Amino acid sequence: MISEKMIPLMKNNSAIRMMFEEGNKLAAKYGRENVFDFSLGNPSVPAPAEVNQAIQDIVKEEDSLFVHGYMSNAGYEDVRETIAQSLNRRFGTSFHAGNILMTVGAASGLNVILKTLLNPGEQVITFAPYFVEYGSYVRNYDGELVVVSPNTVDFQPNLVEFEEKINEKTKAVIINTPNNPTGVIYSEETLQKIAAILEKKQKEFGTSIVLLSDEPYRELAYDGAVVPYVTKYYRNTVVCYSYSKSLSLPGERIGYLVIPSEMDESANVFQAATIANRVLGCVNAPSLMQRVIKRCVDANVNLEAYDRNRNLLYNGLKECGFSCIKPEGAFYLFVKSPVENEKEFCEVCKQYNVLVVPGSSFACPGYVRIAYCVSYGQIERSLPAFRKIAEHYNLV
Ligand code: PLP
């Protein structure tokens, strides 16, 4: 009955489901507070109070037919202009409402832009480790995801292999910074090099190659780390932004695409993307949330809470002898497995009621991802378990 394209997706889904069910089983046996689930990237810091206040004020103050109604498929003009002006203030760009397309989060933004760009058989390059859904999104439009192998020294992208993998079928490149799962921020130098390679290859093949910057973690950067704004380095950039993490609103499904005026065929791309938004069935991004963004455009979650978690877990793991680079952003630690097969390591962690995700789920075996978007208390309680795991492997 079901489409053949769905069969591999269902197999993969059951692996994720199994982990979820495993967590529930352990919780039932040992008590929820004794199970240390670091598997999910669900924000643990609440949405800012002004977001909740804005929801109430909008319902009271704005016309109900307007707030709950259809609007242009690209979203409310005033909301898009507010976002454009906020970006211009923060990053010295010169966007206007016509560059901003409201989307149903980054997942939908990526689907909208991939539907807009891809012909069957065209390629999209990304850098391992990467958010595994990219493969599904690209295959939705019969494209092919080409993966550049990881640079495990500092997890900046492997640019030599990148250049080799670009060909006349390359339509887009997806980058994600700050990165899920490593927490690494791509440096200005990295972005300049990516831009130079793409410029060169566009000339060589006489094509346009679009750089898709997937940025749900842009606002989660620690110790004053700067996350360079990608449109400044390369003309054919499209930014996929989301408020899922920056305002802790993943269930509300709100984000936007930036389609700069400078990119090739910008007006055409914008119009096609607006239609893609409609025909993919999103029609428009959630109306109430758009109105909230208008009022809370510069709001932020309490970053300090994530930063405290980051320091506690990073220092705790290092003291036990685990090896890991200190993440500058997002809310993940990417830890080297003490044994080659990290799935085995995940199984041992489970014996100590610690749930972590194998790096092979991000095309980077030999590592595990630990999501520290959990309570501070969970991290405190988990440290003795991590120590026992370290002892198991004679790391201490
Ligand atoms: N891209 C990356 C790298 C992510 O980690 C996520 C969610 O975790 C998404 C995209 C999807 O985010 P959204 O909730 O905005 O669809």
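Points to keep in mind about this one:
- Alpha-carbon centroids, region 14-54 and region 334-382: separation in whole Å: 15 Å
- Simple spin-label estimate for E262 and R139 in nanometres, 7 Å along Cα-Cβ: 3.6 nm
- Dipole orientation for region 258-331: of the candidates S323, Q290, T274, Q290 has the Cα lying most toward the positive pole (charges on Cβ; Lys, Arg +1; Asp, Glu -1).
- Members of K115/K165; K11/K326; K169/K232 lying beyond 28 Å, as alpha-carbon distances in this model show: K11/K326
- Nearest-0.05 FRET efficiency for K29 and L159, computed from C-beta distance (R0 45 Å): 0.40
- In degrees, nearest ten, helix 376-392 long axis to first principal axis of the chain (Cα): 50 degrees
- Computed from point charges on the beta carbon alone (+1 for Lys and Arg, -1 for Asp and Glu), the dipole magnitude for the chain about its Cα centre is near 560 Debye.
- Loop-resident GluC sites (Glu not before Pro) (DSSP state other than H, G, I, E or B) in region 1-62 with no more than 10 further Cβ atoms inside 10 Å of their Cβ: E4.
- FRET efficiency, 1/(1 + (r/R0)^6) with R0 41 Å, evaluated for R295 and E340 via beta carbons: 0.20
- Percent accessible area from carbon and sulfur atoms, the chain, protein chains only, probe 1.4 Å: 51 percent
- Estimated Rh, the chain: Kirkwood, alpha-carbon pairs, angstrom: 22.0 Å
- L383 contributes about 40 Å² of solvent-accessible surface, heavy atoms of the protein only, 1.4 Å probe.
- A full extension of the chain between K350 and K388 corresponds to an added length of 12.5 nm, given 0.36 nm per residue minus the alpha carbon distance.
- Residues in region 250-258 carry Karplus couplings, in order, of x, x, 7, 6, 9, x, 7, 9, 9 Hz; the curve used is 6.51 cos²θ - 1.76 cosθ + 1.60 with θ = phi - 60°, and Gly or Pro positions show x.
- Residue-span extension gain [R381 to E304] - 0.36 nm each, minus C-alpha spacing: 25.7 nm
The values are calculated or read from the model by the stated rules, or taken from the named source; none is laboratory data. None of these values were measured; they are calculated from a predicted model. Glycine also receives a Cβ, built like all others from the backbone with ideal geometry; neighbour counts cover every protein chain displayed. Each accessible area value is taken on the protein alone, full model and side chains, heavy atoms only, with ligands, DNA and RNA left out. Shrake-Rupley method; radii C 1.70, N 1.55, O 1.52, S 1.80 Å.
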